[in-house]
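Structure first, commentary second.
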Amino acid sequence: MNLQKILIQTWAFVIKNWIITKRNVFSLFEIFFWPVVGFFSVGLLTSFLGLNADMSGFILIGVISMSVIQVCQIDVAYVLLYDLWSKSLKHTFIAPVHPFQLISGSWLIGVMRSFVVFLLLSLLSALAFDFNFLKPGLGPLLLFLLGLFLLSVLIGIGVCILILLFGYKAEVAAWSITSLMALICGIYYPISILPSPLPEIARAIPLTYFLEYFRSFYGFKNGGNLLAWGFGEMGVYLLIEAIFFKIVLHRARKTGAFIKLSE
């Protein structure tokens with residue numbers, strides 16, 4: 001009975017985000033417009049530069065990965081951003097639900113939306129640039145996507161923590177964190193060309209390992225157990241964030257931050 005109650009409460013936040021999404025026409029831009037524009041901007045650039053298939057694939061994998069992460073993580077961040085913008089943050093936390101249910105419900109709708117983005121961009125990459133995303137096989141592809149989805153929830157929780165700490169000032173983090181990761185994690189280039197200490201920092205970010213793992217099926221070989229490093233770091237970071245999120249929530253209740261950020 002308790003499990004059923006937990007699942008129902010979690011699903012409630014899936015429904016909440018879905019209702020908000022379908023009523024907001026601009027959410028379609030996050031799924032179709034911006035990912036497609038970004039994809040073709042970079043994809044056409046690779047054609048103009050005359051890059052071979054391997055080099056074009058290297059870049060297209062990075063571009064599609066960042067689109068998936070951005071769409072998924074913003075849904076997790078929306079669980080507090082929508083309430084922040086509507087000045088109703090206190091009402092969410094008055095409800096008898098666990099923060100895990102808020103995050104999980106928002107993440108699930110993010111996974112659905114970002115999977116649609118992945119399917120769309122994969123189809124376009126095959127039609128426009130003759131790049132086959134299914135070459136590694138279904139198993140490696142699902143592991144790669146799982147890594148991206150988990151990284152998205154990691155970023156989304158980080159944004160929620162910043163919102164509880166800094167309020168409206170933290171809004172920019174929802175869009176800037178992924179841009180910083182694109183700079184460091186080798187989206188458009190290998191991290192080996194980065195000046196020190198950026199390669200070392202990149203090694204501390206799971207996305208680096210997931211990209212290297214998937215690109216290894218296209219001729220870009222890398223040593224070591226990339227998935228073990230990627231998922232290992234992910235597990236550690238999620239544990240740290242869960243503990244920190246709990247501490248920040250307690251602090252917000254104690255300092256009256258929910259009241260200050262609500263009407």
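Each value in this text was obtained by applying a stated rule to the coordinates, not by laboratory testing. This one's a predicted model, so the numbers in the text were calculated from it and none came from an experiment. Please note: Cβ atoms are built from the backbone with ideal geometry, for glycine as well, and neighbour counts cover all protein chains shown.
Only one residue of 219, 208, 238 has its Cα farthest out toward the positive end of the dipole of the chain, where Lys and Arg carry +1 and Asp and Glu -1 on Cβ, and that residue is 238.
A viscosity of 1.306 mPa s and a temperature of 10 °C, combined with the Kirkwood radius over C-alpha pairs in the Stokes-Einstein formula, give segment 158-263 a diffusion coefficient of 100 µm²/s.
Taking the Cα centre of segment 125-238 as origin and assigning +1 to Lys and Arg Cβ atoms and -1 to Asp and Glu Cβ atoms, the resulting dipole is close to 100 debye.
Looking at segment 161-231, none of the GluC sites (Glu not before Pro) sits in a DSSP loop with at most 11 other Cβ atoms within 10 Å of its own Cβ. For residue 60, neighbours were defined as the other residues whose beta-carbon sits under 14 Å from its Cβ, and their charges (Lys and Arg +1, Asp and Glu -1) total 0. Among 195, 140, 99, the largest mean-square fluctuation in a Gaussian network model of the chain (Cα springs under 10 Å) belongs to 195. Among the trypsin sites (Lys or Arg not before Pro) within segment 67-126, those in coil by DSSP and having at most 15 neighbouring Cβ atoms inside 10 Å are 87. Computed about the Cα centre, the dipole magnitude for the chain is approximately 840 debye when only Lys and Arg (+1) and Asp and Glu (-1) carry charge, each at its Cβ. Please work out, to two decimal places, the log10 of the ratio I(q)/I(0) at q = 0.15 Å⁻¹ from a Debye calculation in which every Cα of the chain carries one identical scatterer. Relative scattering, expressed as log10 I(q)/I(0), comes to -1.11. Dividing the summed helix terms, -39500 (n - 2.57) for each DSSP H run of n ≥ 4, by the number of residues in the chain produces a 222 nm estimate of -25500 deg cm²/dmol to the nearest 500.
Add +1 for every Lys or Arg and -1 for every Asp or Glu among the other residues with Cβ under 12 Å from the Cβ of residue 46, and state the total.
Here the charged neighbours net out to -2.
Roughly how many Å is it from the Cα centre of segment 170-201 to that of segment 1-42, as a whole number? When both Cα centres are located, 26 Å separates them.
Extension gain, residue 246-residue 222: 0.36 nm per intervening residue step, less the Cα-Cα distance, totals 4.9 nm. Counted over segment 71-220 with a bin width of 10 Å, the fraction of Cα pairs per bin, in whole percents, is 10, 33, 33, 18, 6, 0.
Pair-distance distribution of segment 58-119: all C-alpha pairs, bin width 10 Å, starting at 0; shares per bin in whole percent are 22, 41, 24, 10, 2. Mean separation of Cα pairs under 8 Å and 6 or more residues apart, divided by the residue count, gives segment 20-260 a relative contact order of 24 percent. Residues 54, 83, ranked from the fewest to the most other C-beta atoms within 10 Å, line up as 54, 83. The calculated pair-distance distribution of segment 1-64 uses every alpha carbon pair, bins of 5 angstrom beginning at 0, and gives 4, 15, 15, 11, 10, 10, 10, 10, 8, 4, 2, 1, 0 percent.
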